[in-house]
Amino acid sequence: MATPLIEIDHISKFFPGVKALQDVSFSIETGEIHALIGENGAGKSTLIKILSGIYQPEPGGIIRMEGEQLSHLDPLTSLHHGIVVIYQDFSLFPNLSVLENITLGRFVKRGRKLVDYKEMRKVASKSLEQLGVEIDLDTSLGDLSVARQQLVAIARALANNAKLLILDEPTSSLSSSEVDKLFEIMRSLKSRGISLLFISHKLDELFAISDRFSILRDGRYIGTYGENELDDDQLIALMVGRQINYTIYPKRYLDDPLLEVQHLTKKGNYKDINFTLHKGEILGITGLVGAGRTEVVKSIFGLNSSDEGSILFEGKEITIKNPTDAMTSGIAFIPENRLSEGLVLRKSMRENLALTILESLSNSFGLIDQSEREKIVKEWVARLEIRPDNPDLLAAKLSGGNQQRVVIAKWLATEPKILIVDEPTNGIDVGAKAEIHKLLRSLAETGLGVIVVSSELPEILSICDRVVVMRRGRVTADLHCEGLNQEDIMSKAI
Amino acid sequence: MQSKLKKVFSSKEGVLFVIFVLIFILMSILSPHKFLSNYNIQSLAYQLPEFGILSLSMMLIIMTGGINLSLTFTATLSMIVGGLAMSSSFESTGMAFLSVLIGVVIMLLVSAVLGMFNGLVVSYIGVTPMLATLGASTLFEGISLNITKGGAISGFPFMFLNIGNSAILGIPVPMIIFIVVLVYMWILLEKSRMGAAIVMIGCNPKVAEYSGIRVKKILFQTYIISGILAGIAGIIMASRYNSAKESYGSSYLLQSVAASVLGGTNISGGEGKVLGTLLAAMILQIISSGLNIFGLNRYLTNVLMGFILILVLAINFITDYLKKNK
């Protein structure tokens, strides 16, 4: 057997509190289309970043290219070796011309100070020719369609003498005829000995184009299979099944509707979304990244106005144009990104906690009742057992779990009836996760309706009573969690 | 007691106070007859308010994460329009009190409208504050010049001059106005709901929005307040100079940025203290007055002011960096 193009040998990558990759080994042959598959957070992105030299693997891990060990990879040397990543956003420059975009990498490569435009023109037209597409080199990139921008990105890779082309969800914003065209190009690249590492969540596409699949789960390598060794169900079974021992809370049947979402539609985001949240219930919303989950809940909170459809609160239709409207209806929203959307890190716990209740804390002159604020802050710090319990402490100084408690506290202080939490335990260590689960569960038991948006299936199955599954902007299932397993959910999400 | 003192003097305001005292003593030693003269102290007391109020106005906007480069032209355009109304009303009716009232009200109204204009462009249209207010500054200057044709508006009733030049119980009227503004700003920033919102918006507008704060509305209102403060400074200047002209106070623009930053306002927003800005304005004021007394030419004074601004920014940056990497 010939030497593989790339050998990934015992690669691991740890971040504080998270083992993103653990001992991953597989190889990519010359001239094959290799699919990399895994749930959100399985470690695909981390692996790409290691291959492209953005992250350094833990000591002991080796990457070999054509049998030769690549000792130190940084973004530039990775490019020199012909490893090119095309990210979802292509990393192109919309205000530069097609010519400049294709040849930019070569400017850097040569380390030259002057640009030979004649040569660049030759290189650029040659690589577009290889793709069999015609694009005017002098058009500014921003004027091209997304599909054509992607071709420019691929042409740039060819101009850089790519040996391994990594495509991160290349089909996510393409129409089906554009996907066919892309696949044609991928096959022609393959026939010319270029290897492709293809990342996608769409099963039909994976089976249509890939020669082999490598599967990651929870940062671990599960296996590599030929395209005819697996069917859909087997593939899903290999992807899911993360072994996390969360407490499984009893699943309840509740029937007092609190929030009803009917035919909610926003162009380009999601379509015809229907679900009901009951009093005291925890409703999960899950799906792969890009399925439109966050977009839907942001619409409910007034951060992303919908085009059509209605939202009913306790049976009455409500209009939500901004967060203030949502808050008036008793809706609270805890965003996914605690550090950039949930907390003002360089301000104290006190100021963060009081931010949502400034209105009710102040008198008719707009002056804040300081002692009342102190009382409420102390009360919530005690109730949610935030540690350390010093309200003067800057939010940045707290641990992830305690930061999340501050965000939850600032919303509970508004006395909401509905709490929407987007990825409640994102970036929180395992012990603190269980604590947050317990907290959400006890809140639901007081009659609060809770919506948990989560990619983590074990989390959904642990705390939710019901789950809504989304795929590509639509609801594909609305299930009760009693007796449900991960495969049931994943088969609806993928 | 000792630890309390230590705390006061290790705070930014404490350090500024010490610097102020040191410079004051230095100036007094170098030029005891001129610097400490009754005349000089008096003129400091009459000059500080207009600069101090402009600095507070600038600080307020910097706290939101923006900057107001149209500050001094807001002051002069409103004094020109108000001054024109005042002098023509005085000319036709001869009624001093009524004319002064009309003039002052119009100055305040115009400054509020100009603030509103900035607020609209920055918060609702979404133009970067630096560009929006830079454009506004050219616009306001142009309108001013069109009204005055390059000259000055004058012919104000004598009564109007009292605002900038007289004293009540020995306290100059501008100083009384300044104290009122200081107290208002302190309450706004330290005690009010709006102040709390401004601070959080300055740190992270997204978090504020996600927490139900009406970010656009608050920003809009903040620019109006900034405009009105500039208008108040404009009234004092017009009264002190007994005329209105577009170039009045133009050197205050960058000095007000310097005073805010020297006073501990974070140039990227979210932090600022009224007391700090006051002390910084006082420091800059005595430095420029002292240099003037020593006969240093005005242009060199500008060089020195620029140097101080850069120095303070660099020191703040370095201390922040050291704090972060401690």
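The values are calculated or read from the model by the stated rules, or taken from the named source; none is laboratory data. The shown structure was predicted, so the numbers you read here are calculated from the model rather than taken from an experiment. Quick reminder, even Gly has a Cβ in these numbers, built from the backbone with ideal geometry, and neighbours come from all protein chains shown.
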Looking for whichever is modelled with pLDDT of 90 or more and touching a strand residue (DSSP E or B) at 6+ places or on another chain (Cβ under 8 Å) here; the options are A:7, A:39. Which one fits?
-> A:7
Taking segment B:235-284 as the search range and keeping residues that are hydroxyl-bearing (Ser, Thr, Tyr) and in contact with a helix residue (DSSP H, G or I) (Cβ under 6 Å, 6 or more places away or on another chain), which one is farthest from residue B:312 (Cα to Cα)?
-> B:239
Go through the residues of segment A:381-388 one by one and say whether even a single one is buried (at least 22 other Cβ atoms within 10 Å of the Cβ), more than 11 Å from every other protein chain (Cβ to nearest Cβ) and either over 22 Å from residue A:447 (Cα atoms) or among the basic types (Lys, Arg) (or both).
-> yes
When you scan segment A:1-26, how many residues do you find that are out of contact with any Gly (no Cβ under 7 Å at 6 or more places or on another chain) and surrounded by fewer than 17 Cβ atoms within 10 Å (Cβ to Cβ)?
-> 9
Residue match in segment A:419-431 (condition: polar (S, T, N, Q), over 17 Å from residue B:197 (Cβ atoms) and part of a loop (DSSP other than H, G, I, E, B)) | yes
Residue list for segment B:214-249, filter: among the hydroxyl-bearing types (Ser, Thr, Tyr) and surrounded by fewer than 21 Cβ atoms within 10 Å (Cβ to Cβ) = B:241, B:243, B:247
Residue satisfying condition, being touching a residue at least 24 places away in the same chain (Cβ under 8 Å) and surrounded by 22 or more Cβ atoms within 10 Å (Cβ to Cβ), within set B:205, B:174, B:157 | B:174
Filter result for the condition that a residue is surrounded by fewer than 24 Cβ atoms within 10 Å (Cβ to Cβ) and over 30 Å from residue A:312 (Cα atoms), over A:408, A:376, A:436 | A:376
For the subset of segment B:214-251 comprising residues that are within 12 Å of another protein chain (Cβ to nearest Cβ) and part of a helix (DSSP H, G or I), which member is farthest from residue B:88 (Cα to Cα)?
-> B:215
Determine which member of the set B:77, B:54, B:48, B:60 is more than 12 Å from the chain's Cα centre (by Cα) and either more than 29 Å from residue B:163 (Cβ to Cβ) or in a helix (DSSP H, G or I) (or both).
-> B:77
Scanning segment A:45-60 residue by residue, the ones that are in a loop (DSSP other than H, G, I, E, B) and in contact with a helix residue (DSSP H, G or I) (Cβ under 8 Å, 6 or more places away or on another chain) total 6
Give the number of residues within segment A:1-44 that are touching a residue at least 12 places away in the same chain (Cβ under 8 Å) and under 22 Å from the mean Cα position of the chain (by Cα).
-> 21
Hey, residue A:350 within 22 Å of residue A:436 (Cβ to Cβ), within 14 Å of chain B (Cβ to nearest Cβ), part of a helix (DSSP H, G or I) and touching a Lys or Arg at 6+ places or on another chain (Cβ under 8 Å) or not | yes
Which one of the conditions (1) in contact with a Phe, Trp or Tyr (Cβ under 7 Å, 6 or more places away or on another chain); (2) more than 30 Å from residue B:191 (Cα to Cα) does residue B:252 fail to meet, given that it meets all the rest?
-> (2)
Conditions: (1) surrounded by fewer than 23 Cβ atoms within 10 Å (Cβ to Cβ); (2) closer than 30 Å to residue A:18 by Cβ; (3) more than 10 Å from every other protein chain (Cβ to nearest Cβ); (4) over 22 Å from the mean Cα position of the chain (by Cα). Residue A:345 meets all but one. Number of the miss?
-> (3)
Please work out if residue B:127 is part of a loop (DSSP other than H, G, I, E, B) and either out of contact with any helix residue (DSSP H, G or I) (no Cβ under 8 Å at 6 or more places or on another chain) or surrounded by 14 or more Cβ atoms within 10 Å (Cβ to Cβ) (or both).
-> yes
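Each row is one residue, and each column tells you yes or no for (1) within 30 Å of residue B:48 (Cβ to Cβ); (2) more than 9 Å from chain A (Cβ to nearest Cβ); (3) charged (D, E, K, R).
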residue: B:175; (1), (2), (3): yes, yes, no
residue: B:179; (1), (2), (3): yes, yes, no
residue: B:182; (1), (2), (3): yes, yes, no
residue: B:186; (1), (2), (3): yes, yes, no
residue: B:191; (1), (2), (3): yes, no, yes
residue: B:194; (1), (2), (3): yes, no, no
residue: B:199; (1), (2), (3): yes, no, no
residue: B:206; (1), (2), (3): no, no, yes
residue: B:212; (1), (2), (3): no, no, no
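In segment A:356-380, which residue that is of a type in the set (A, V, I, L, M, F, W, C) and not in a helix (DSSP H, G or I) is farthest from the other protein chains (Cβ to nearest Cβ)?
Out of the qualifying residues, it is A:365.
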